[in-house]
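Peer 1: Here's a structure for you.
The values are calculated or read from the model by the stated rules, or taken from the named source; none is laboratory data. These figures come from a predicted structure and were not determined experimentally. We place every Cβ from the backbone using ideal geometry, glycine too, and count neighbours over all the protein chains shown.
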Amino acid sequence: MTAMLEVKDLTKNFVKRLDMAGKIAQKLGSSIREEVVHAVDTASFTVDKGEVVGLVGESGCGKSTLGRMIAGILPPTAGQISFKGVEFTSMTQEEGDAAALAIQMIFQDPFASLNPRMRVEEIIGEAPVIHGMTTMQEKANYVGETMERVGLGREYSRRYPHQFSGGQRQRIGIARALAVQPEFLVCDEAIAALDVSIQAQVINLFMDLRTDLDLTYLFISHDLSVVEHISDRLVIMYLGRIVETAPTDELFDKPNHPYTSALLNEVPRLDHRGIDYEPVSGEIPSPLDPPPGCHFHPRCPHAMDRCKAEIPVLREIAPGRLSACHLNDG
Amino acid sequence: MNTIAEQVAPIAAASEVKVETPFRRFCTAFLDSKVATTALIVLGILIFMALFAPLISPTNPYDLAVVSILDSKMPPGTKSLDGVTFLLGTDGAGRDLVSAMIYGLRISLGVGVMSGIFAMAIGATVGLIAAYFGGRTENIIMRIVDIQLSFPAILVALILLAILGKGVDKITIALIIVQWAYYARTVRGSALVERNKEYIEAATCLAIGHRRILFRHLLPNCLPPLIVVGTIQTAHAISLEATLSFLGVGLPVSEPSLGLLISNGFDYMLSGKYWISFFPGIALLITIVSINLVGDQLRDVLNPRLDR
Ligand SMILES: Nc1ncnc2c1ncn2[C@@H]1O[C@H](COP(=O)(O)OP(=O)(O)O)[C@@H](O)[C@H]1O
Ligand code: SF4
Ligand SMILES: [Mg+2]
């Protein structure tokens, strides 16, 4: 069976080009260079149909960038994304449009993610009308049904986003995605900005929708405890690279990668909600100038000489488990 | 499901309250200032007079059959040979000054507003495109904008009019050319901020086309600064036109704007016939000041940091 989503060697570099002054300075022999942020570095993983995969890593490690590339918002620098066995760049125009709609994204910020100048009806109903999933005449009803599906009364469709609370706005964002009948949702820190009391409700909504609509999820979070109970499988990311993937219970039982172990130490944690805390000792190195070899070596308690020079490859260490650490080479 | 019902409850209670649209909020805030409200009323009257000049004006100053050179340079309040009272006197050609001013206002406002609208449409489109697509497109567009803005507007307009010649259409074109870059720069500035917000990413993800994203999503969110710049620039265009007319380029003598009336009367200033220049000058001043006052209040009310 081919995976629903397959990501292979996906890479994204953000290049900050030199301005005119910088170029002149460079010509004159200054050491100024273009700054390159290695946001995502040769990431590979798969998501099967119906699965919930949690993507976890510290803030700034490239999770959102990875999610955006999958959702078709950002073009990758290199690597492939395949949806239902077809690679993005080899799709026909039609296939590409269908895949673009089939993969939708739920955003972190319930304020910035809704157009403040549009009524809810327009926010949710615009795309399905454009793509022929409903008509102008049927739109009000279609939007109403979608709103009810996410637990909002259809009578609020004439309102503007600012008239709703954070949790309700997040539901509007979910309804907007559902309105184009997606199969795969990328949820980027979708509950991180919400009050604790609302977080559980929105998580429950996601899980209800999963069964009702047969959805597949990539659930992005900087907080392992958020995805722990809902994910079938976890993908752990560190500084742009995937360091370990494993079924959730196995990962919690027996973490392989030292970074995963460090993250797990934090799990029965105090309330760090909304703060990007540091679960692991030491500074997160800058993705502008990542350390050579294993990115984790400056903070790793097991670091060896080899770790400073050689990049550990992500490879199978047990059925269904991958890890990228030199310790596995015995 | 219980939890969801709970969550929706607060809006249910508020649903009897009238839906507060952003526009209604904006109106309340605007009318809060007495000065701005007065300026808006004055501006409204001026626009009304300009629009309905042929109906309001006591005489038709362009109708050579009515205008008599024998009536020229009459002081305010004089009666004409035909028994018509010239409230503000007559100008050098014997035109009733009130009528000439109403028609002049029509031309001044018309040129200012038309050039403003076209410059705004061009500038906003170009600015949106620059911010949205970025890269080379943006570099090229913004270089042109920088070059355009580095020359004094009056100088560019003078050169253009020297090439184009005289006429209402010519001066409007010249004013569009000197103004579009202000709009482009303003729109690009706010569009750069807006385009990085998640609602634009959401629209991309929903495969809504570029054109729709530009004009339905980005543009409405860049509107507040655009409106502010639009009013200020219109006032600027009107004074620029007046200056050009005063300098004798731009408008033909047969279609005098307020600026041209001032210019025409200037020759008689020294001989004590002050009114020919003075009253059109006052009218121009009132027009520009009221537009600027309205613009200032718009700036305060639409301030994005206070809004939302
Ligand atoms: N548009 C961008 N331009 C330049 N750098 C970016 C851009 N988006 C993200 N980055 C950088 O890429 C890295 C990863 O960011 P992100 O994917 O948002 O991480 P996460 O979601 O895990 O917090 C960060 O260092 C961030 O500063
Ligand atoms: S490769 Fe080396 S530095 Fe990296 S996690 Fe494994 S032991 Fe630590
Ligand atoms: Mg993020």
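Peer 1: For the structure I just gave you, tell me whether A:I275 is within 16 Å of ligand 1 (Cβ to nearest atom), modelled with pLDDT of 95 or more and within 30 Å of A:I174 (Cβ to Cβ).
Peer 2: No: the conditions fail for A:I275.
Peer 1: Name the residues in the stretch A:1-39 that are within 16 Å of ligand 1 (Cβ to nearest atom) and among the aliphatic types (A, V, I, L, M), would you?
Peer 2: Matches in the stretch A:1-39: A:V7, A:L10, A:V15, A:L18, A:V36, A:V37, A:A39.
Peer 1: Only one of these is out of contact with any Pro (no Cβ under 6 Å at 6 or more places or on another chain) and away from ligand 1 (no atom under 16 Å from the Cβ): A:T77, A:T65, A:T42, A:T89. Name it.
Peer 2: A:T89
Peer 1: Hey, can you tell me all the residues within the stretch A:45-62 that are out of contact with any Leu (no Cβ under 7 Å at 6 or more places or on another chain) and more than 13 Å from ligand 1 (Cβ to nearest atom)?
Peer 2: Within the stretch A:45-62, A:F45, A:D48, A:K49, A:G50, A:E51, A:V52 qualify.
Peer 1: Let me confirm something: among A:D212, A:D188, which residue is of a type outside the set (V, I, T), under 27 Å from B:C205 (Cα atoms) and within 15 Å of ligand 1 (Cβ to nearest atom)?
Peer 2: A:D188 is the lone residue from the list that is of a type outside the set (V, I, T), under 27 Å from B:C205 (Cα atoms) and within 15 Å of ligand 1 (Cβ to nearest atom).
Peer 1: What helices (runs of 4 or more DSSP H), lying completely within the stretch B:144-210, carry at least 1 residues that are away from chain A (no Cβ under 14 Å) and either touching a Lys or Arg at 6+ places or on another chain (Cβ under 8 Å) or of a type outside the set (S, T, Y) (or both)?
Peer 2: Filter on the stretch B:144-210 gives B:153-164, B:168-195.
Peer 1: Which one is farthest from B:Y199 (Cα to Cα), of the residues in the stretch A:144-164 that are outside any loop (DSSP other than H, G, I, E, B) and at the interface with another protein chain (Cβ under 7 Å from one of its Cβ atoms)?
Peer 2: A:E155
Peer 1: State the number of residues belonging to the stretch A:117-137 that are within 28 Å of B:R25 (Cα to Cα) and either assigned to a helix (DSSP H, G or I) or in contact with a Phe, Trp or Tyr (Cβ under 7 Å, 6 or more places away or on another chain) (or both).
Peer 2: Qualifying residue count for the region: 8.
Peer 1: Would it be correct to say that B:L43 is at pLDDT 90 or above and not hydroxyl-bearing (S, T, Y)?
Peer 2: yes
Peer 1: Of the conditions (1) away from chain B (no Cβ under 13 Å); (2) over 30 Å from A:E95 (Cβ atoms); (3) β-branched (V, I, T), A:V120 fails just one. Which one is it?
Peer 2: A:V120 satisfies all of (1) away from chain B (no Cβ under 13 Å); (2) over 30 Å from A:E95 (Cβ atoms); (3) β-branched (V, I, T) except (1).
Peer 1: Scan the stretch A:41-88 residue by residue and report those that are away from ligand 3 (no atom under 13 Å from the Cβ), buried (at least 23 other Cβ atoms within 10 Å of the Cβ) and of a type in the set (D, E, K, R).
Peer 2: A:D41
Peer 1: Right, A:E122: out of contact with any Lys or Arg (no Cβ under 8 Å at 6 or more places or on another chain) and of a type in the set (D, E) or not?
Peer 2: yes
Peer 1: Oh, and also: Only one of these is over 26 Å from B:A39 (Cβ atoms) and surrounded by fewer than 20 Cβ atoms within 10 Å (Cβ to Cβ): B:I163, B:I232, B:I200. Name it.
Peer 2: Every option except B:I163 fails the conditions.
Peer 1: Can you go through A:G29, A:G22, A:G79 and tell me which one is touching a strand residue (DSSP E or B) at 6+ places or on another chain (Cβ under 9 Å), more than 16 Å from ligand 2 (Cβ to nearest atom) and not β-branched (V, I, T)?
Peer 2: A:G79
Peer 1: Can you tell me how many residues within the stretch A:283-310 are closer than 15 Å to A:E244 by Cβ and more than 16 Å from ligand 1 (Cβ to nearest atom)?
Peer 2: The qualifying residues number 3.
Peer 1: Is it true that some residue in the stretch B:56-74 is at pLDDT 70 or above and not in a loop (DSSP other than H, G, I, E, B)?
Peer 2: Yes, the stretch B:56-74 has at least one match.
Peer 1: Looking only at the stretch A:200-221, count every residue that is in contact (Cβ under 8 Å) with a residue 40 or more places away in the chain and either among the hydroxyl-bearing types (S, T, Y) or buried (at least 23 other Cβ atoms within 10 Å of the Cβ) (or both) and tell me the total.
Peer 2: Adding up the residues that qualify gives 6.
Peer 1: Among the helices (runs of 4 or more DSSP H) contained in the stretch A:203-267, which hold 3 or more residues that are within 16 Å of ligand 3 (Cβ to nearest atom) and under 18 Å from A:E189 (Cβ atoms)?
Peer 2: A:224-228
Peer 1: Could you count how many residues in the stretch A:1-30 are closer than 17 Å to A:G85 by Cβ and touching a Leu at 6+ places or on another chain (Cβ under 9 Å)?
Peer 2: The number of residues fulfilling the criteria is 3.
Peer 1: Can A:P291 be described as modelled with pLDDT under 90, within 21 Å of the chain's Cα centre (by Cα) and surrounded by 14 or more Cβ atoms within 10 Å (Cβ to Cβ)?
Peer 2: Spelling it out, it is not the case that A:P291 is modelled with pLDDT under 90, within 21 Å of the chain's Cα centre (by Cα) and surrounded by 14 or more Cβ atoms within 10 Å (Cβ to Cβ).
Peer 1: Would you mind finding the one in B:K197, B:K170, B:K166 that is farther than 18 Å from B:G116 by Cα and within 23 Å of the chain's Cα centre (by Cα)?
Peer 2: Unique residue meeting the criteria: B:K166.
Peer 1: Right, here's the next one. Going through the stretch A:78-113 one residue at a time, which ones are part of a loop (DSSP other than H, G, I, E, B) and touching a His at 6+ places or on another chain (Cβ under 9 Å)?
Peer 2: A:F111
Peer 1: Let me ask another. Can you name the residue in the stretch A:167-199 that is on the phi < 0 side of the Ramachandran plot and surrounded by fewer than 17 Cβ atoms within 10 Å (Cβ to Cβ) and, of all such residues, is farthest from the other protein chains (Cβ to nearest Cβ)?
Peer 2: In this case the residue turns out to be A:V196.
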